[in-house]
Structures are given as structure tokens and as C-alpha cells.
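Below is one structure; the comments refer to it alone.
The values are calculated or read from the model by the stated rules, or taken from the named source; none is laboratory data. All values reported here derive from a predicted model rather than from experimental measurement. Please note: Cβ atoms are built from the backbone with ideal geometry, for glycine as well, and neighbour counts cover all protein chains shown. Ligands, DNA and RNA are stripped out before the accessible areas are found, and what is left, the full protein with its side chains, is counted by its heavy atoms. Shrake-Rupley method; radii C 1.70, N 1.55, O 1.52, S 1.80 Å.
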Amino acid sequence: METEKVTFSEEKTLLDALYAKALDSQAAEPILGDAYAAEVVAKIDYDFGKIKVTPRNAGIVAIRARQFDAWVREFLAGHPNATVLHLGCGLDSRVNRIDPPTTVRWYDVDYPDVIEKRKHVCRPHPAASLIGTSVTELEWLESVPVEGPVLVIGEGLFMYLPEEDGKRLLRRLTERFPSGEMLFDMFSRSWLRLENHNPLIKAEGGVHWGIDDPGELERDLPLRCETVVSASVLPGVDRLRRPWGTVFRLIAAVPPLKRGFRLLRYRW
Ligand SMILES: C[S@@+](CC[C@H](N)C(=O)[O-])C[C@H]1O[C@@H](n2cnc3c(N)ncnc32)[C@H](O)[C@@H]1O
């Protein structure tokens, strides 16, 4: 890790997610309490004042990350020899928050330019390796030994992939690893259309893959859906600052909206 700052010339969704975690960590009562995000922000040369994340809406990212962290801890408690594929990791310090034993092989995977930046700003961890690639260029998987069950994490990622590429990736994962779990968040198809009006998401090529029925993946792939939870009812929603707590309660009361943004957990 170097002390030189890395530069971003424009806002990116990974910066929004990072900044939200940094703001949450500075709140009087943090939801995620990421001890590393503010340190990473401090190493980045970007005017975070221009980012649309504020102390008021930062908690939304924090509750999602907290739920994924809880599932990761649960999986690793049962499988201390697991392989973890943290896909689309961005500048997230999950490996440091979880601090797995070195019996775990943890891979942080993102585009090569993101991984280059990550090397400069994120703390290394003895269990972690970095892979710079598009997750849909499947050759990268050949460099990951097949050892132990696998945990695949795709937080804020799969919606960015074209559906065919995403399914090809999931299929290859289930073919390469005899057993495992996948954790990811997904929009419904109608919510996906709304998200494509967001200029930041548009600038990153838009979101393409939505799921209305979690059973769709069970039909197409050798996966079993274990858990589906609407983001609107995640633990911590009650602590979101106004107006977000109320907005989420309203979303939770309207089934098509409640299905709009969900966290999913599959096994094979
Ligand atoms: C919304 S950010 C989320 C970052 C991180 N998971 C978090 O929650 O802080 C989406 C991330 O997915 C990455 N990403 C999108 N498409 C990708 C692809 N095809 N291959 C690898 N990474 C990808 C982006 O570079 C970015 O880091």
C-alpha cells in the first residue's frame, strides 16, 4: 500500500458506495461501522462534496453491506476452509471487516483499473488476493484453485451485467465448484427501468439484468434459492434518517415495490 493519493476524474458508483460507508462510520450510531472506509476516502483525490451521497441517505448502503457481512460471517463460521469470490469488490474493505482466518482463500475481483487503484488505497489482508478482470471474461476463474466450498458475493454488481453474460458466469461457477453459496442483490425488471434514469448509472453503461421471480434462476441453473429479502425490510431500516425510514416503510407496504430491490441467497 502506498501513501500517494489516487485520482478519480468523475463520480463512480463504487465511490458512492465507499463514501456512504465512510459517512455511516462517522455517524453517532453507525449502522455498518466500517472502520476502514474513511481511511480509503482520505487516500483518494476526488471532490467527495460533489457526490450525491449525504449523511441522510448513506445508511441505505450501510444496511445492505451489513446484511451481506452477516451472511458472509455465517458462511465462514461453518466453512473455515472456504474460497470467497468477492466480485465487483470496488473499494470495499469487506475482507478487513470480516477478517477471515488464513485458511480462507479470499479473492477481491473487479476491473483491472479498479484493482490497480485498490492496491494503492485499501489495506491488504493476509487471506486476500486481487484479480483484475471483467467477471464476465471467464478465463479468470482458471486462476482460482478449486478448494473447499465457495462463497460468491456480488454486491451492487449483477444488475450491471447483461443477463446472458451473468447467467454464463453463474453457470461456470456452479460447474467449477462442487458446492457453494451465492449472495447478491437484484432489481426487479420494472425497478431496473427506473434505475436507468439515474445519470450516474447511465454513465456506467446502465443496468441490464433484473429478476422478478427468484425461481427463474432455479429453472435455468442448478441453484436453490434459500433466502429472499426486500431491501425495504432489512435490519437497520428503522434507523434510517428521515425521510428514508418512512420511504422504506411505504415501499415495504406495496408488494411490487417491495419486490423492486432484494437481496438473494442461493446454494448449490
Ligand atoms: C456499485 S459498485 C459496488 C462496489 C462494491 N461491491 C461495494 O458495494 O462497495 C459496482 C462495482 O462492480 C464493478 N463491476 C461492474 N461490472 C463489472 C464487471 N463486468 N467485471 C468486474 N467488475 C465489474 C464496478 O467496477 C464497481 O466496482
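Just the number, please: carbon plus sulfur as a percent of the accessible area of the stretch 63-267, 1.4 Å probe, no ligands or DNA/RNA counted.
That fraction is 53 percent.
For the stretch 63-267, with every protein chain kept in place, what is the accessible area per residue (1.4 Å probe, Å²)?
Spelled out: the 1.4 Å probe surface of the stretch 63-267, per residue, equals 43 Å².
I want the antiparallel fraction of DSSP beta bridges within the chain, as a percent rounded to 5.
35
Lys and Arg at +1, Asp and Glu at -1: add these up for the other residues within a Cβ distance under 11 Å of Leu76 and post the number.
With Lys, Arg at +1 and Asp, Glu at -1, the net is -3.
May I ask you to list, by number, the DSSP H helices of the chain whose Cα span along the axis is at least 30 Å and whose average Kyte-Doolittle hydropathy reaches -1.0 or more?
58-78
List the relative contact order of the chain as a percent without decimals, with contacts defined as Cα pairs under 8 Å and 6+ residues apart.
Over the chain, the number comes to 18 percent.
Could you compute Rg(Cα) / (2.2 N^0.38 Å) for the stretch 206-252, with N its residue count?
1.53
By what distance, in whole Å, do the Cα atoms of the stretch 53-190 stretch along each of the three principal axes, largest value first?
Sorted largest first, the three principal extents are 43, 35, 30 Å.
Which of the lysines could a cross-linker bridge to Lys119, judged by Cα under 21 Å and excluding same-chain residues fewer than eight apart?
Result set, ordered by chain and number: Lys5, Lys12, Lys21, Lys43.
Run the numbers on the stretch 31-172 and let me know its relative contact order in percent, using alpha-carbon pairs under 8 Å that are six or more apart.
26
So what is log10(I(q)/I(0)) for the stretch 9-81 at q = 0.12, 0.14, 0.28 1/Å, when the Debye sum runs over its Cα atoms only?
Treating every Cα as an identical point scatterer, log10 I(q)/I(0) equals -0.36, -0.47, -1.26.
Show me the trypsin sites (Lys or Arg not before Pro) within the stretch 14-95 that DSSP assigns to loop and that have at most 15 other Cβ atoms within 10 Å of their Cβ.
Those satisfying the criteria are Lys52, Arg56.
Given Thr103, Gly33, Gly90, which one lies farthest toward the positive end of the charge dipole of the chain, if we put +1 on the Cβ of every Lys and Arg and -1 on the Cβ of every Asp and Glu?
Gly33
If I take the Cα coordinates of the chain and project them onto the principal axes, what are the three extents in Å, biggest first?
Ordered largest first, the chain gives principal extents of 48, 45, 34 Å.
So what's the net charge close to Leu234: Lys and Arg +1, Asp and Glu -1, counting the other residues with Cβ under 9 Å from its Cβ?
+2
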